[in-house]
1. Can you give me the distance in nm between label points at THR151 and GLN448, each placed 7 Å from the Cα along the Cα-to-Cβ direction?
2. Using the Kirkwood radius built from alpha carbon pairs, what does the Stokes-Einstein equation give as D for the chain at 25 °C and 0.890 mPa s, in µm² per second?
3. Subtracting the Cα-Cα distance from 0.36 nm times the residue separation, let me have the gained length for ALA85 to GLU235 in nm, one decimal.
4. Straight-line reach only, C-alpha to C-alpha below 26 angstrom: list the lysines that LYS196 could link to, leaving out same-chain residues fewer than 8 apart.
5. Find out how many positive minus negative residues lie around ALA480, taking Lys and Arg as positive, Asp and Glu as negative, among other residues whose Cβ is under 15 Å from that of ALA480.
6. Mind giving me the FRET efficiency for ASN347 and VAL413? R0 is 60 Å, r the Cβ-Cβ distance, nearest 0.05 is fine.
7. Taking θ as phi - 60°, what are the ³J(HN,Hα) couplings along the stretch 216-225 by the Karplus curve (6.51, -1.76, 1.60), each to the nearest whole Hz, with x for Gly and Pro?
8. With each run of n ≥ 4 DSSP H residues scored as -39500 (n - 2.57), what mean residue ellipticity at 222 nm is computed for the chain after dividing by its residue count and rounding to the nearest 500 deg cm²/dmol?
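Read-outs throughout are calculated quantities, based only on the coordinates presented, and are distinct from any laboratory measurement. None of these values were measured; they are calculated from a predicted model. Counting neighbours? That spans all protein chains shown, and the Cβs are built from the backbone with ideal geometry, glycine included.
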Amino acid sequence: MQMTPGRKDCAVAIVGAGPVGLMAANLLGMAGVNVVVCEKSATLLGLPRAIAYEPETLRLFDQIGLYGELAPGLIPDPKIIYLNARGRRLMDMNPPRSLFGYSQIGTFYQPELERILLNGLARFPQVEVCFGSEATGLAQDGHGVELAIKTEAGGYVLHAQYVIGCDGGASPTRAAIGSQLVGSTFTERWLVVDTKIAGHDVKDITFFCDPRRPAVRVPAVGDRVRFEFMQLPGESTETLGSDAKLRELLAPLVALDRVEIERKTVYAFHARVADPWRRGLVFLAGDAAHMMPPFAGQGMNSGMRDAGNLAWKLAAVLRGAADAAILDTYEPERAPSVRTMVNLSRNLGAVIMPTRPMIARLRDAIFAGVSRSRRADNFIRRGGILPKPEIGRSALSPGRRDGIAGAMLPQPVVSCGVESAPLDRWIGYGRWCALGIGVDPTVNICPQDLVALRALDAAFLRLDPQGAAGETGLRVDDGAFLDWVRRRNAQSLLVRPDRFIAERIVKGRPLRSLAALAPSVAGRRDHPVAKTLFAN
């Protein structure tokens, strides 16, 4: 790696200041990591591209201390309705509040979300955001990465220990590391129209599964409503995107004199995943690592999961609390979930998109049969088809055979005296946690692992149901959470900093996920964690 004049240094460089890059910067900023975010545009793009959130994304916002700012701009719990060509219900979903402490699904306004994330970075003096800074070249060796940065004022070299490419579907970072997108692109395109309609009464997310023209209508924040219309076979992109066609498409759905068009664009939807997600010291996240159809609302949310998975690991390595080998777990943990999301989006697209009447009639008949099964219909209504947060198997979540390792820990409200707060706030940011429900989690941890967890500044929490004998200061009375504990026999758990369950705590059994930190820390056997883990 040849050094050049005009050099700037940081621990982590993030290429791209979209939602995923800004979330990663906030997560790393919370951990005290020195970060530079490079964005080639002069400002935030301010485009309302993503529109749907999930509880896991809101949980990340709460962990970085920004949920309170985001919450007033959310539309929680819209009903999701699928209608056939005759306006009859195929299926609908109205899921209850999730176990993770937030509404199961809802909508937001992306420019506002990005503004909140960007303003949040002002809290961290060690985080710098550089707009109008385009990464035009990348070189790495075993000691770091050099990014060639181009600005209007000239160029310079940014030297980082690690780089995260969050630079979108056309990602130059992905191209620079020789990663390839694997998958397909839908032949059909969709016209996406963001509107403002004063005083509208749109409350539900509605999929119009009409073979004459599949369409979607989504309530957004304030007076905003999004409409999406599918390109028909033989229809040109120019025709679909014309003003005349737009008026024709909107006319049956809304009075045209009430509509203000904020944005319209024609998209092709992709179902593609990068291979690999990492090369050396460079990682991909968000659309740079995967693109999927929008029918399950998973695109941005999957990118947020990438940021949540990678940031704590990078922070642990940089502060010397883990060996760099844990970074090898990033793609194995995230890629299986992403492929599941891609397949779910494809399958929902297959419900929405048939343009042949015979196939649409067959689909309608299948759903009519499903609706006659009370169990199946209730499963769909409760949002049973929505994906559950989970990670793929890795050295950091080794106990997958019992079905709990790799699942996200539910989040009840926990009380102490008159103070109540979500569980995450009692754990603290970026910490491992030994959690017991009705039991002291430390009694079953072997001495060596106990010392290691204390050296990692882990939290040790015992939660007792209200009125339980031997009650501690921390109480939980969330029936759904306690039912989950009973069903999963989850009285004692080791929880990772990203709130995924590493494994059960079982008396006499070493914590295998801690062994993944073993060569801790970067070969420093004098570190307290390393000394403990190398003791035998």
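1. 5.1
2. Estimated diffusion coefficient is 99 µm²/s.
3. Length difference between fully extended and current span is 52.0 nm.
4. LYS79, LYS245, LYS264
5. Net charge around ALA480: +3.
6. Working: r = 35 Å, r/R0 = 0.58.
That pair, ASN347 with VAL413, gives E of 0.95.
7. Coupling constants for the stretch 216-225: 9, 10, 10, x, 10, 6, x, 8, 7, 9 Hz.
8. Details: 16 runs with 153 residues, N = 536.
Rounded to the nearest 500, it is -8000 deg cm²/dmol.
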